[in-house]
């Protein structure tokens with residue numbers, strides 16, 4: 001993965017005495033959008049020591065977005081007294097999928 005890798009931090013769990021090593025990588029929108037691989041943008045963590053190496057499951061990074069226009073906006077209606085009206089609203093595409101609700 002590309003991105004800004006931060007220095008690792010080490011600490012010992014006071015309850016178990018186990019030494020832990022932790023690091024963080026920051027992935028930007030540009031990192032994801034500039035990637036031209038055939039698969040989705042993925043990052044994985046690799047740990048190694050004199051005893052061997054292990055890799056984490058890949059983490060997929062998707063760029064979040066929300067289209068600016070509704071696919072099907074609700075339309076105004078005239079309704080007779082004591083009758084019902086149904087207004088439909090279909091959210092625009094987005095990642096993560098958008099939630100919709102009504103305000104009146």
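Expressed as a rounded percentage, what relative contact order does the chain have, with Cα pairs under 8 Å and six or more residues apart?
Numbers: 121 pairs, mean separation 18.3, N = 104.
Rounded, it is 18 percent for the chain.
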Regarding the chain, what whole-number volume in Å³ per residue does the convex hull of its Cα atoms give? 227 Å³
So for the pair residue 49, residue 65, with labels modelled 7 Å out along Cα→Cβ, what separation do we get in nm? 4.4 nm
Expressed as a rounded percentage, what relative contact order does the stretch 8-60 have, with Cα pairs under 8 Å and six or more residues apart? 22 percent
Simple SL model, points at 7 angstrom along Cα→Cβ for residue 56 and residue 35; separation in nm is 1.4 nm
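Per the helix-only calculation at 222 nm, which mean residue ellipticity applies to the chain, given -39500 (n - 2.57) for every DSSP H run of n ≥ 4 and division by its residues, nearest 500 deg cm²/dmol? Don't jump to the answer; show the numbers that get you there.
Values: 1 runs with 5 residues, N = 104.
Helices in the chain give a 222 nm mean residue ellipticity of -1000 deg cm²/dmol.
No value in this document is a laboratory result; all are computed from the given coordinates. None of these values were measured; they are calculated from a predicted model. FYI the Cβ positions are ideal-geometry reconstructions off the backbone, even for glycines, and counts take in every protein chain you see.
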